[in-house]
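The values are calculated or read from the model by the stated rules, or taken from the named source; none is laboratory data. Small disclaimer: the values here were computed from a predicted structure and weren't measured. Note that we place each Cβ from the backbone using ideal geometry, even for glycine, and neighbour counts take in every protein chain shown. Note: areas computed on protein heavy atoms with side chains; ligands, DNA, RNA excluded. Shrake-Rupley method; radii C 1.70, N 1.55, O 1.52, S 1.80 Å.
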Amino acid sequence: MDSKKIIIVGQGVSGTLFSWFCAQHNLDFIIIDNALTNSPSKTAAGLINPVTGRRVVTVWMDDIILPFAEKTYKEIGAQLGIEAISKMNIVDFFPNPFMKESFLKKMSLQAPYISLAKDEPYLNEYFNYEFGTGIIEPAYIVHLQQLLPAWRKHLLSENKFIEQSFNFNRLQVSDHSVQYENIVADLVVFCDGVEGSENPYFHLLPFALNKGEAIIIEAPELPVGHIYKKSMTLAPFGEPGIFWAGTNYIWEFDDHLPTEAFRKSTEQNLNSWLKVPYKILDHKAAVRPATVERRPFVGLHPLYKNVGILNGMGTKGCSLAPYFASQLVQHIVHQQPLEKEADIARHARILSRPQA
Ligand SMILES: Cc1cc2nc3c(=O)[nH]c(=O)nc-3n(C[C@H](O)[C@H](O)[C@H](O)COP(=O)(O)OP(=O)(O)OC[C@H]3O[C@@H](n4cnc5c(N)ncnc54)[C@H](O)[C@@H]3O)c2cc1C
């Protein structure tokens, strides 16, 4: 079993984590990635937030997925000699009395991860706010800007990485093997993110793509070691003093480009929120590979058992990718069952439809 060879398409956070677990299981693999500069993995803040939405709901499978993600990124970081993940808290500035009320109500129900801020006054030096702050912890930042290139460099040194666009016309899938140009393997696994919605094997899956943007700012006076949230998120991004500010959710879009409207509204929000000076360094946009049911797509194609997928990470690639990458490898190597809500077997009928 362990001698399986896998072609992996895509090295975003999904392909990175999937290939990591392949390496842990001594599976032979090669990644093909076309190094898109505006992929969501290169645009994301890398935030892992244990709660979500206006009603501060605990995220899906938090008790399993979050500790698993922390452990995995630490292990990858240790191997690569980088800090792949940092644990920190989120200072949640209530934007209005209703959000405060909602937070307090959750607290009164003993909801995990949330509390009221204790030493709030110092925040006054840096921020304008009227309705107090809550604390969400632990939260994490995955340092994708360091992690993805470091893993890629490692794979290049092991001849396991090809920079090229995968061309489906050159893929041959037979019952027991796959061949891409001169590479013969047992399986091909697509971690192709938003391109998955046009992948001939998986395009029928219910993707619900949405575009998101972020502005990168330099704000050297803002205290580091925290993530700040008030209608938008300000997260440490790579170097000290650099912050990621975002985001939005655009469901109808004609391109993957940044919009003037987002830049203007983000600048307005920052001007009224921050008391310290800042400078805009960059404006990014990317399309999220989200799904209608807000659950990932993991597993092997019902008709082509040697064609797999790890995709549909939506807004939560950093937390979901480690656990589901590991599950998919366990499934391939030991036939262990996949989490039902994530397993693409739930879409077997759609995927088995005859195509024109
Ligand atoms: C503005 C914004 C903010 C976000 N913030 C967060 C956050 O804070 N925390 C979080 O967890 N998630 C966040 N997300 C979501 C997160 O970015 C995604 O869930 C995640 O990046 C998806 O990763 P992926 O590897 O599945 O896909 P991708 O990042 O799209 O990676 C796919 C890779 O495959 C390659 N590829 C595709 N097709 C081909 C082909 N034919 N040939 C060769 N290579 C190919 C691409 O170049 C790319 O490298 C954010 C997204 C956006 C847009």
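Once the Cα atoms of helix 144-157 and of the chain are each reduced to a long axis, what angle between those two axes, in degrees from 0 to 90 to the nearest 10, is obtained? The angle comes out at about 30 degrees.
Of the listed residues Glu293, Glu120, Glu125, the order by accessible area with a 1.4 Å probe, largest first, is Glu125, Glu293, Glu120. Counting heavy atoms of the protein chains alone, Glu239 has an accessible area of about 130 Å² for a 1.4 Å probe. Which values of log₁₀ I(q)/I(0), to two decimal places, follow from the Debye formula for the chain at q = 0.08, 0.11 Å⁻¹ with a uniform point scatterer at every Cα? Scattering profile of the chain, log10 relative to I(0): -0.41, -0.76. Just so you know, the Cα atoms of region 1-158 work out to an Rg and Dmax of 19.4, 61 Å. Counting only protein heavy atoms and a probe of 1.4 Å, the accessible surface of the chain is 50% carbon and sulfur. Rolling a 1.4 Å probe across all protein chains gives Lys316 an accessible area of roughly 70 Å².
Between Lys105 and Arg294, the FRET efficiency from the beta-carbon distance, with R0 = 22 Å, is close to 0.40. Ranking Val59, Val173 from most to least accessible surface, computed with a 1.4 Å probe over the protein chains only, gives Val173, Val59.
In order along region 59-70, the Karplus-derived 3J(HN,Hα) couplings, from 6.51 cos²θ - 1.76 cosθ + 1.60 at θ = phi - 60°, round to 5, 4, 6, 3, 5, 9, 6, 6, x, 5, 5, 4 Hz, and Gly and Pro are given as x. The residues of region 284-356 have, on average, 43 Å² of accessible surface per residue, using a 1.4 Å probe with all protein chains present. With angles folded into 0 to 90 degrees, how steeply does helix 13-24 sit against the dominant principal axis of the chain? Use alpha carbons for both and round to 10. Around 60 degrees separate the two axes. Measuring with a 1.4 angstrom probe and ignoring ligands and nucleic acids, Tyr180 comes out at about 0 Å² accessible. Here the convex hull built on the C-alpha positions of region 199-356 has a volume of 141 cubic angstrom per residue. Output the pairs from Lys160/Lys229; Lys160/Lys284; Lys42/Lys264 with a Cα-Cα distance over 31 Å in this structure; if there are none, say none. Among Lys160/Lys229; Lys160/Lys284; Lys42/Lys264, the Cα-Cα distance tops 31 Å for Lys160/Lys229. Close amide H partners of Met88, meaning residues 5 or more places away or on another chain with modelled amide H under 5 Å apart, are Ala139, Tyr140, Ile141.
With a threshold of 26 Å on the Cα-Cα distance, the over-threshold entries among Lys71/Lys316; Lys153/Lys211; Lys71/Lys211 are Lys153/Lys211; Lys71/Lys211.
Shape summary of region 228-279, radius of gyration then Dmax from alpha carbon positions: 12.3, 36 Å. Between amide H atoms placed 1.01 Å from N, distances below 5 Å from Val189 occur with Ile7, Ile8, Val9, Gly308, all of them 5 or more places distant or on a separate chain. Site pair Met61 and Asp255 shows an inter-label distance of 3.8 nm when each label is modelled 7 Å from Cα along Cα→Cβ.
Using the 1.4 Å probe convention, the accessible area of region 133-283 works out to 49 Å² per residue with neighbouring protein chains retained.
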